[in-house]
Amino acid sequence: MANKAKSIYVCTECGYESAKWYGRCPSCGAWNTMQENVRKPEPAAASRRTALGPRSHPVSIRDIRTDDEIRYRTGVSELDRVLGGGIVKGSLILISGEPGIGKSTILLQICQYLGQTLRILYVSGEESARQLRLRADRLGVDSENLLVLTETDVQVVLEEVREEKPDLLMIDSIQTMNFTDLNSSPGSVTQVRECTNAILRVSKELEIPAILVGHVNKDGAIAGPKVLEHIVDAVLYFEGDRQMSYRILRAVKNRYGSTNEIGVFDMGENGLHQVTNPSQAMLAGRPQNVSGTCVTCVMEGSRPILAEIQALATTSGFGNPRRMATGFDTNRMNLLLAVLEKRAGYYFSNLDAYLNVIGGLRLDEPACDLAVAMAMVSSLKDIPVAEDTVVFGEVGLAGEVRSVMHVEQRVSEAHRLGFSKCVLPWHSLRQLGTVPADLQLFGVKNVREAFEAVQK
């Protein structure tokens with residue numbers, strides 16, 4: 001007797017599976033995310049096994065070689081930096097971001113350079129071949145080694161991969177791929193997970209690196225299953241506002257490199273252009289002799305970047321004062337405001353407080369606490385921070401300024417950009433070696449000392 005198909009309910013947010021429907025997902029707690037999927041019996045799994053190729057066999061760990069790791073340079077140094085030196089042979093990379101932020105653009109751009117030595121198979125499930133050609137002409141991509149395939153059936157795609165044996169596979173996007181054996185719509189949890197696993201097995205078997213494009217929802221999470229992040233080798237996020245020219249490419253997972261590196265790009269009419277000097281770009285157009293602005297230095301991987309923080313404290317027109325932060329954690333801002341009130345006597349209780357990080361950067365490092373506090377106090381007192389001053393340090397709940405890492409790199413970057421003063425934690429002075437003669441250092445122990453120092 002043949003096995004019957006059965007219905008299961010799958011959460012679209014976390015991928016949790018259940019035999020019965022829940023209004024609220026027992027795993028992630030999201031409401032109204034359980035969708036019904038019909039799962040067919042074993043024959044479908046057998047056909048997938050055939051598509052995925054032969055089974056693997058165990059080998060001794062002593063027989064595994066690690067000295068022959070091959071990386072493909074993309075021709076874009078900012079992208080190579082984020083990837084840890086280039087695309088590793090046999091790796092699976094996920095590039096995600098909001099629609100229109102530049103995911104497909106950067107893939108086509110690197111095809112022009114990689115196409116000089118590699119055969120590339122570009123699979124498009126969203127655009128026709130003619131649309132791709134028009135966009136490639138606009139970006140100046142005309143490599144004869146770039147093969148275009150418009151297909152959404154992942155089994156057909158994998159058959160083409162086995163026949164063509166390209167050096168690099170690009171799929172745009174993973175949400176459009178589907179297994180015809182599965183009775184669920186493309187983009188669902190089951191479809192995206194099965195398609196990604198299939199591509200992963202073929203990529204590892206043939207040692208063909210694959211780059212997947214994944215769209216994100218309004219909350220910034222990868223649309224469909226969160227399990228994609230666990231399957232792939234590297235996850236790259238495009239950050240930034242579509243109305244702004246700057247784009248930040250950040251690695252949140254990388255098995256072949258650092259997860260702290262970022263790449264900075266400028267979106268223009270002819271595609272993405274890498275920004276080799278992000279600090280200078282972020283400080284362009286900085287206002288002169290205005291209160292509420294302060295420059296800090298953050299570490300993004302091995303790279304120090306100067307960022308401008310702007311704050312505004314104004315009389316509230318509401319019953320409850322408003323708190324709003326862009327590019328900085330709002331809860332962290334509220335904590336710093338509470339410390340300033342309790343420990344330093346700077347009162348914001350009846351004032352609206354707004355914070356903005358210029359250039360679309362997202363600051364998560366504790367070292368920028370002191371700069372945020374100085375920008376807030378500067379706006380409160382309407383006293384400008386000295387324009388030639390860079391501020392960094394972590395602020396504790398007692399109002400103390402605590403030491404941070406990579407002090408020497410931060411100071412060197414400030415000096416390179418022409419700043420003559422640096423306000424930093426007093427305990428961090430011991431980490432410094434030789435200091436340039438034209439650079440003044442002010443070591444501070446608490447936020448009051450810091451505000452006195454930034455006015456000098």
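Take the Cα pairs of the chain, get the Kirkwood Rh, then feed it into Stokes-Einstein at 20 °C and 1.002 mPa s and tell me D in µm²/s. Rounded, D is 86 µm²/s.
One equal scatterer on each Cα of the stretch 68-174, no solvent, Debye formula: the resulting log10 I(q)/I(0) at q = 0.13, 0.16, 0.23, 0.24 Å⁻¹ is -0.47, -0.73, -1.57, -1.68.
Where nothing but the Cβ of Lys and Arg (+1) and of Asp and Glu (-1) is charged, how large is the charge dipole of the chain around its Cα centre, in debye to the nearest 20? It comes to approximately 980 debye. Report note on the peptides 133-142, 296-305, 102-111: ranked by the mean count of other C-beta atoms within 10 Å, highest first, their order is 102-111, 296-305, 133-142. Estimate the FRET efficiency between H415 and H273 by the formula 1/(1 + (r/R0)^6), using the beta-carbon distance for r and 25 Å for R0, to the nearest 0.05. Plugging the Cβ-Cβ distance into 1/(1 + (r/R0)^6) gives 0.40. Taking Cβ atoms as reference points and 13 Å as the exclusive limit, the residues near E78 contribute a net charge of +1, counting Lys and Arg as +1 and Asp and Glu as -1. Each peptide in 80-90, 434-444, 368-378 receives the mean, over its residues, of other Cβ atoms within 10 Å, and ordering these scores from highest gives 368-378, 80-90, 434-444.
Kirkwood-type hydrodynamic radius, the stretch 85-148: 12.7 Å, calculated from all non-identical alpha-carbon pairs. Legend note: in the chain, cysteines whose Cβ sits 4.7 Å or more from every other cysteine Cβ are C111, C195, C294, C297, C368, C422. Taking the number of Cβ atoms within 10 Å of each Cβ as an exposure proxy, the fewest-first ranking of H406, H230 is H230, H406.
Overall dimensions of the stretch 281-454, expressed as equivalent-ellipsoid semi-axes from the Cα gyration tensor (√(5λ), whole Å, largest first), are 25, 17, 14. Contact order, relative form, for the stretch 50-159: 25 percent (alpha carbon pairs under 8 Å, 6 or more residues apart, mean separation divided by residue count).
You can think of it this way: the chain between R119 and Y347 has 75.8 nm of extra reach, that is 0.36 nm per residue less the Cα-Cα gap.
Readers should treat all values here as calculations from the given coordinates under stated rules, not as data from a laboratory. These figures come from a predicted structure and were not determined experimentally. A quick note on method: Cβ atoms are made from the backbone with ideal geometry, for glycine too, and the neighbour counts reach across all protein chains shown.
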